[in-house]
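Participant: I have a structure I would like to understand better, so I am pasting it below and will then ask my questions one at a time.
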Amino acid sequence: MADPNVNCGICPVQTFRTQEAEGYVIPEPITLSPVDSACQQVSSCLSHWFTVPQGKPASIDYPQANITLYQNGKNQPFASCLVIWQACHVMTQRPYQHWQPAGEFMTYEYESRAGRLIYRLPRQGAKNRDMRVVLIHLFLAACATQKARPWEEEIVINDRIIAEFLGLNQRKDMNRVKKLLLIESLVRQACELEVEIHWQAKGRIKAFHLPAEPLWFARPTYHLTTTEDGSHYLSGLSFRVLAGRWSTYFLNPQQARSKTAYYQYGCLPMSLPPKIMYLWQRHEGAVVMLLHFLFRLRVGQDRSAKIATLLKLIYGEESLQIAWYKSDVRRKLMTSFEADLEQLFYYGIKPLFENSTYPEFIQPWWVSAQNLPDDPEEALNYWTEVAQAEKAMINSKQKWSQLLNAAITIREFPEDWQAETPKKEIKSKTSRKATAVHSLTGAMIKQARLRQGISQRQLSTLLHKSQSWIRDIESGRYKIKPKDVQLLASVLVDLPHP
């Protein structure tokens with residue numbers, strides 16, 4: 001199983017196997033640490049050698065983590081600079097994205113107004129990367145914010161804190177050895193990613209160039225335990241980690257105070273890593289969008305996202321071009337995107353569809369399901385209309401064209417996405433006029449309609465509006481404009497005035 005280019009004769013794993021074969025008695029747990037930096041097969045050797053312990057594994061004594069995450073119980077600061085952002089981005093890319101061969105590596109280049117980043121992976125790593133590696137980058141980026149000088153202060157972590165971060169401690173379908181080997185593989189892959197940085201001067205921060213080196217340097221230790229019957233199993237993992245030199249420029253609180261370096265951090269929600277672990281296989285597009293919003297959106301403000309931008313991130317520009325003349329590709333992209341967007345909605349990231357660019361007849365079916373009429377007859381008619389419209393539009397170029405020009409605005413996030421904001425920084429921008437309008441709620445309109453015995457369909461006919469407009473107003477999905485208040489009051493005679 002070992003790489004033929006690696007000298008396995010000096011590997012501690014092989015040495016331990018030799019000792020076992022010669023009849024050595026090893027009463028205490030031993031520690032293995034790779035001595036050959038070229039070895040990439042330690043986890044493979046372990047997985048084909050050790051047994052899975054029966055019952056509860058014996059407790060082991062290994063280095064305790066010197067960091068604590070989620071101290072407030074809901075989120076954690078993490079390094080959110082462009083270096084980490086693009087590292088997460090390249091780890092989620094499909095094979096269609098353009099990695100260029102460069103000797104023994106595959107490289108990916110990203111250029112912005114601030115500078116140029118060149119990422120590289122070993123050829124094998126570029127082909128067989130696991131999307132869940134992004135979680136290790138986020139985990140280490142969160143650990144790094146707890147150190148004043150993460151490029152020289154060791155981060156000590158173990159499998160327990162990583163398993164808790166990923167939500168693996170809740171998984172009952174994996175035994176402990178499989179969990180440990182998964183953690184080892186993900187950390188190893190994260191440390192394979194290297195970055196070369198060419199950064200431009202800005203203010204008092206001088207231009208700089210950093211040659212290619214790993215984002216993270218990790219020294220793993222493999223803890224083995226011998227059972228009473230003489231079999232062995234992998235019982236624990238620990239790592240000593242340093243951040244690469246990128247952190248001296250982008251996560252340097254001391255120099256940031258003198259404005260000669262950056263200290264860029266964001267808010268990592270506690271619920272995000274387990275959600276990504278759940279979605280990564282079935283809804284990769286949802287994972288891409290979650291990461292996009294994590295880095296791009298400032299929670300608490302209205303932020304729009306263009307659908308074309310999201311589609312390019314998820315599927316690549318080439319796939320979007322093919323969709324124009326291949327109906328099966330077009331159908332697959334639209335169906336997948338709407339299913340991915342639905343996952344975000346039920347997670348708690350709820351989009352508001354811009355009615356001017358994203359009209360109801362091209363919106364996903366599950367959006368309409370949120371506003372299903374209460375009356376059974378109206379619900380049946382509604383679903384009949386929706387089903388026919390959906391069948392007609394799912395494959396059309398008209399929907400595809402409008403979708404590429406559409407936009408959504410994220411107005412609602414899960415609670416743990418909310419950063420703590422001092423009350424003095426919260427300022428109300430609502431005018432008196434707007435306050436008056438918003439004092440009339442959708443619930444008031446619905447009650448007034450029901451008191452008069454008018455259905456949504458009848459009210460829409462009287463107002464010369466669509467039934468969906470009535471439904472959206474009553475559900476609170478759309479804001480009530482002053483002219484709409486006057487229009488509604490002309491029909492609903494007992495409507496309370498603001």
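Participant: Which residues, counting only those in the range 321-337, are in contact (Cβ under 8 Å) with a residue 12 or more places away in the chain and surrounded by fewer than 18 Cβ atoms within 10 Å (Cβ to Cβ)?
Facilitator: The answer is Trp324, Ser327, Arg331, Thr335, Ser336.
Participant: Also, I was wondering about something else. Working only within the range 310-339, note down all residues that are of a type in the set (A, V, I, L, M, F, W, C) and in a helix (DSSP H, G or I). Give the derivation first.
Facilitator: Going residue by residue through the range 310-339, those that are of a type in the set (A, V, I, L, M, F, W, C) are 310-311, 313-314, 320, 322-324, 329, 333-334, 337, 339.
Selection gives Leu310, Leu311, Leu313, Ile314, Leu320, Ile322, Val329, Leu333, Met334, Phe337, Ala339.
Participant: A further question on this structure: Looking only at residues that are farther than 17 Å from Met91 by Cα and β-branched (Val, Ile, Thr) in the range 156-191, which one is surrounded by the fewest Cβ atoms within 10 Å (Cβ to Cβ)?
Facilitator: It comes out as Val156.
Participant: So, one more: So, in the range 235-269, how many residues would count as being under 19 Å from Phe139 (Cβ atoms) and among the β-branched types (Val, Ile, Thr)?
Facilitator: Qualifying residue count for the region: 1.
Participant: Can you report the number of residues in the range 192-212 which are crowded, with 16+ Cβ neighbours inside 10 Å and touching a helix residue (DSSP H, G or I) at 6+ places or on another chain (Cβ under 9 Å)? Break it down into steps so the answer makes sense when it comes.
Facilitator: Let us first name the residues in the range 192-212 that are crowded, with 16+ Cβ neighbours inside 10 Å, namely 192-197, 199, 205, 210.
Now narrow it down to the ones that are touching a helix residue (DSSP H, G or I) at 6+ places or on another chain (Cβ under 9 Å): 192-193, 195, 197, 199, 205, 210.
Here the count works out to 7.
Participant: Inside the range 245-262, can you point out the residues that are of a type in the set (Val, Ile, Thr) and not in a loop (DSSP other than H, G, I, E, B)?
Facilitator: Matches in the range 245-262: Thr248 only.
Participant: Return the residue satisfying two criteria in turn: it lies in the range 380-413 and is in contact with a strand residue (DSSP E or B) (Cβ under 6 Å, 6 or more places away or on another chain) and not β-branched (Val, Ile, Thr), and of such residues it is modelled with the highest pLDDT. Give the derivation first.
Facilitator: Initial filter on the range 380-413 (in contact with a strand residue (DSSP E or B) (Cβ under 6 Å, 6 or more places away or on another chain)): 407-412.
Still in the list and also not β-branched (Val, Ile, Thr): 407, 411-412.
Working: Ala407: 90, Arg411: 79, Glu412: 84.
Top of the filtered list is Ala407.
Participant: Take the range 447-468 and flag every residue that is crowded, with 19+ Cβ neighbours inside 10 Å and within 27 Å of Ile408 (Cβ to Cβ).
Facilitator: The answer is Gln456, Gln467, Ser468.
Participant: Output the qualifying pairs, or none if there are none: Cβ atoms under 6 angstrom, residues six or more apart or on different chains, first residue in the range 233-257 and among the polar types (S, T, N, Q) and surrounded by fewer than 21 Cβ atoms within 10 Å (Cβ to Cβ), second residue in a loop (DSSP other than H, G, I, E, B) and at pLDDT 90 or above.
Facilitator: Thr248/Trp151; Asn252/Ala261; Gln255/Ala261
Participant: Among the candidates Arg120, Arg149, which residue alone is part of a strand (DSSP E or B) and surrounded by 13 or more Cβ atoms within 10 Å (Cβ to Cβ)?
Facilitator: Criteria check complete, one pass: Arg120.
Participant: Okay, next question. Return the total of residues in the range 152-174 being assigned to a helix (DSSP H, G or I) and of a type outside the set (Phe, Trp, Tyr).
Facilitator: Qualifying residue count, the range 152-174: 10.
Participant: Additional query: Within the bounds of the range 306-317, is there any residue that is surrounded by 21 or more Cβ atoms within 10 Å (Cβ to Cβ) and within 30 Å of His223 (Cβ to Cβ)?
Facilitator: No, the range 306-317 has no match at all.
The values are calculated or read from the model by the stated rules, or taken from the named source; none is laboratory data. The shown structure was predicted, so the numbers you read here are calculated from the model rather than taken from an experiment. As a convention, Cβ positions derive from the backbone with ideal geometry for all residues, glycine included, and neighbour counts pool all protein chains shown.
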